[in-house]
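See below for the structure under consideration.
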Amino acid sequence: MTQRFRGKYRIQSTRAQWWDYANNAAYFITICTQDRRHFFGTISDAKMGLNEIGKIVDHEWKRTFDIRPDMNLWMGEFVVMPNHFHAIIGIGKNKYNTKPPIETQCIASLKPQQPTKNKFGPQSKNLASIIRGFKSAVTIHARKINPQFSWQSRFHDHIIRDQKSLENISRYIFNNPAVWQRYRKNENG
């Protein structure tokens, strides 16, 4: 059921309530276009052919890492698809996610016992702020080419917990254009 916030209906967040998305971790993200419209190009011979807007998505994603050196980001596998974008992004240790130790009279550098909770409200220096900046930059440039361009309002994320998961997701992203083409071929007969 939807809840009201400041007198308006609001959809519950899909983010993990127990996780701080500024944490030093790897994340698998998927961002879709509004109504899954094909804005980014086409797939042929199991390869994605980027159109002008698709090239903007590619460029802005790569630029994401250059404009946020203070967050110690790293780029994993990514792919621009006709109507969505998959990527692995890592947030490394940085001054925004390293909590200072608690000093006590007897024991120095005791770490907090309470797990951090996700903070709602203004988001900065975390996964949501990165995605918001990326989507905004793409939208500004894409609408110069096609004023109808729009993203879905949300994005999907998955916290990558181990090396095997990272490898499986990387393989999934890399193979996505070929799988898409096979699926479309089977769908059309």
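The values are calculated or read from the model by the stated rules, or taken from the named source; none is laboratory data. Predicted, not measured: the structure shown is a model, and the values here were computed from it. Virtual Cβ from ideal backbone geometry, glycine too; neighbours counted across all protein chains shown. The area values use the complete protein model at the heavy-atom level, side chains included, leaving out ligands, DNA and RNA. Shrake-Rupley method; radii C 1.70, N 1.55, O 1.52, S 1.80 Å.
A few notes on this one:
- Of all residues making up segment 60-74, the number that are over 14 Å from L127 (Cβ atoms), within 15 Å of the chain's Cα centre (by Cα) and open to solvent by 80 Å² or more (accessible area, probe 1.4 Å): 2
- Those residues of segment 143-181 which are open to solvent by less than 90 Å² (accessible area, probe 1.4 Å) and in a loop (DSSP other than H, G, I, E, B), in sequence order: N146, F149, S150, Q152, R154, F155, D162
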